[in-house]
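The values are calculated or read from the model by the stated rules, or taken from the named source; none is laboratory data. The model shown is predicted, which means the values in this text are computed figures rather than measured ones. Every residue, glycine as well, gets a Cβ built from its backbone with ideal geometry; the counts of neighbours run over all protein chains shown. Side chains included, ligands, DNA and RNA excluded: accessible areas come from the protein's heavy atoms. Shrake-Rupley method; radii C 1.70, N 1.55, O 1.52, S 1.80 Å.
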Amino acid sequence: MTPSFLPAIRILCYTLSTPLLLLPTIGMVLTTDVQAAAPFVDVTADVGLEGVAGGYAAWGDYNGDGWVDLSVDGQLWRNDKGKFTRVEGVAFAGSGIWGDVDNDGDLDFFAMGGKVHRNQGGQTFQDIEKAIPEMPRAPMNATWLDVNGDGHIDLYITGYEGGGYHPDFLYQNQGDATFKVIHRGPATPGRGVTACDYDEDGDIDTYVSNYRLVPNALLQNDGTGKLTDVAKAAKVDGDGGLGAWGHTIGSSWGDFDNDGHFDLFAGNFSHPPAYQDRPKFYKNLGPKQGWTFSDLSNDAGLHWQESYASPALADFDNDGLLDLFFTTVYAGDRSVMYRNKGNWKFENVTAAVKVDRPTTYQAAWADFNNDGAMDILNGGRLFQNPGTPNRWLKVRLSAGGKVNGTAFGSQVRIQIGDKTLTRQVESATGQGNQNDLTLHFGLGDHQPDVTLEIRWADGTKQIVPNTSTNSTVEIEKP
C-alpha cells in the first residue's frame, strides 16, 4: 500500500522537562537514562478515589475531554483534570471493557453482566436491550476485535467452568450496536483473552488463556472471521509435560525487545510440582520463522510465586523497554514489578516502587494526570508514577470507514537507530482489565522529533513525520 503523508493530527499537550536540542535524526540511537526505581505514591484519597472497588479495572476517556476515566465493578469515575468524581446515576452491569460499538466517536461499555451501555454524547448511557442475544455460561473475560474488517468492533467472550467447562463465544457486530453469535469455541476453562495482529497480515488474532492445565489457544484469523487454533504449531500452547500445561489466568501482548514484532507473556499460576507451566516469556520470531515463538522464560529472571494472576505491561520508567506488572491472589503472595533490562532480562524492582498489593486481579495502566509517566491501579489503590528525566510520546488514534472508530488492532511503530518501538490499540489485558487506549512510548534520552509509522487495522499504512517528543498527539485516519 502507498503510505499517506497527509494525516489529521493535533498536538493536544506539550511539555518539556529539558530543552529541546536540534540534533540530526540520522544515525540516532535510543539511549536510556538509567535511574534507580523510585517509589510510586498512593494518591487514591488525594484524587478522590477512596472507596473505588478492587475488581477488574477499565480505563477509557468516555467524555472525550482528554482525561482518561475509569470503570471498576460497575462503578464509573470521571477524571476532572486529575481528580476523580463518582458518576451518580450510572451503574454498569458489572466489570467490562470500553469500545465504540456504533462508531459515533464516543466510548460505549460492554459489561460482563451481558449488557451494552451505549454512550449518549459523554453525558449518560443507554442500555441496548438484547444487544447480546446469548451469553456463555460462566463468562469470565472479553475483548473487542474487528474479526472481519468491516469497520465494526466484534466481541469475544470466554466461557469458564461450573458443572464442566464451557465454550467461548464470538459475536459479530451488526452495525447497530447489536450482536449475533458467529462462533462457539471448544469447551475450555478460559480465564483471559487478548487480541493482536501478531503475524502482521492486516487482520486481528486472539489469544485465550486457559486454566486447569489446559493448553492455551492462539486463534489465527483468516481475515473473514474464521479462527483456527495454531497455538501448538506456534509454540505458545504451553509445555504439555506429563500431559499437563498451565493454569493461565491472564496474558499480555507487547514488544519486549523492540524488534517490531509483538511478543507474548502468558501469566501462569502454578502449584509447586515442576510439570505445571511457570509464567512464560514468548519471543515472536517473525516472518522468517513462520511467526512462531521461542520460550525465553528460563533466563528472564522472574522469581516463582504460586498464585500469579493478571499481568499488565507498560514502560514505567520511559526507557523505551516494556516492563511487567503481575498480580497474585493467595495470602502471603504479593504483586510484583519487573523492570525490563533488555536482552530478555528482567529485574525485580518491587521493593523500590512499593506497589506490591496482596490478593488482587486488578492491574491496569494509565497516565491519569497527563504528565507522560504511566500510573497503575492495583488492588483498589491508584499509584502515581514519580517519573524520570527520560522522554516520552503519547499517541491517540481514531478512525472510520473500514477501520473501527476506536482503532482496535491498529499498531504504531517508531524507529530509533536499530530499535523499533511498537505499540497497539488493545481492549483487554490480563484477566478482565483494560489499559488506557492512548498509546505510550518511553524514548529514553532521545530528544529529536520522531516519525510514526501507523499500521491501521485494515492493513493500510500512514507516515507521520516530525512528531515532537514529550507531547501527546491525536491522529485520525485520513
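If you filter the range 436-476 down to residues that are in a strand (DSSP E or B) and among the small types (G, A, S), you find that the one that is surrounded by the fewest Cβ atoms within 10 Å (Cβ to Cβ) is S471. When K354 is tested against the conditions (1) free of Cβ contacts under 8 Å to residues at least 40 places away in the same chain; (2) at positive phi; (3) in contact with a Pro (Cβ under 7 Å, 6 or more places away or on another chain), the lone failure is (1). For the range 236-254, the set of residues classified as at positive phi, more than 22 Å from the chain's Cα centre (by Cα) and outside any helix (DSSP H, G or I) consists of G240 only.
Checked against (1) at pLDDT below 95; (2) open to solvent by less than 50 Å² (accessible area, probe 1.4 Å); (3) not polar (S, T, N, Q), P24 passes all but a single condition, namely (2). Condition (residue is closer than 30 Å to D319 by Cβ, among the hydrophobic types (A, V, I, L, M, F, W, C) and open to solvent by 20 Å² or more (accessible area, probe 1.4 Å)) applied to the range 266-289: is it met by at least one residue? Yes, there is a match, as at least one residue in the range 266-289 is closer than 30 Å to D319 by Cβ, among the hydrophobic types (A, V, I, L, M, F, W, C) and open to solvent by 20 Å² or more (accessible area, probe 1.4 Å).
The set of residues from the range 323-369 being in contact with a Phe, Trp or Tyr (Cβ under 9 Å, 6 or more places away or on another chain) and among the β-branched types (V, I, T) comprises T327, T328, V329, V336, V349, T350, V353, V355, T359. A residue that is part of a loop (DSSP other than H, G, I, E, B) and closer than 25 Å to L218 by Cα cannot be found anywhere in the range 328-337. Looking at S297, S307, just one residue is crowded, with 17+ Cβ neighbours inside 10 Å, within 21 Å of the chain's Cα centre (by Cα) and either of a type outside the set (A, V, I, L, M) or on the phi > 0 side of the Ramachandran plot (or both), and that residue is S297. Residues that are among the basic types (K, R) and crowded, with 17+ Cβ neighbours inside 10 Å number at least 1 in the following strands (runs of 3 or more DSSP E) confined to the range 125-214: 190-196.
Can D418 be described as charged (D, E, K, R) and over 13 Å from the mean Cα position of the chain (by Cα)? Yes; evaluated as a whole, the condition is true for this residue. Scanning for something within 18 Å of the chain's Cα centre (by Cα), modelled with pLDDT of 95 or more and crowded, with 18+ Cβ neighbours inside 10 Å, does the range 218-225 turn up at least one residue? Yes - at least one qualifying residue is present in the range 218-225. If the condition is being among the acidic types (D, E) and surrounded by fewer than 19 Cβ atoms within 10 Å (Cβ to Cβ), then the range 80-101 contributes D80, E88. Here S297 meets each of (1) under 20 Å from L382 (Cβ atoms); (2) in contact with a Lys or Arg (Cβ under 6 Å, 6 or more places away or on another chain) with one exception, condition (1). Kindly establish whether N148 is closer than 24 Å to T206 by Cβ and out of contact with any Phe, Trp or Tyr (no Cβ under 8 Å at 6 or more places or on another chain). Yes.
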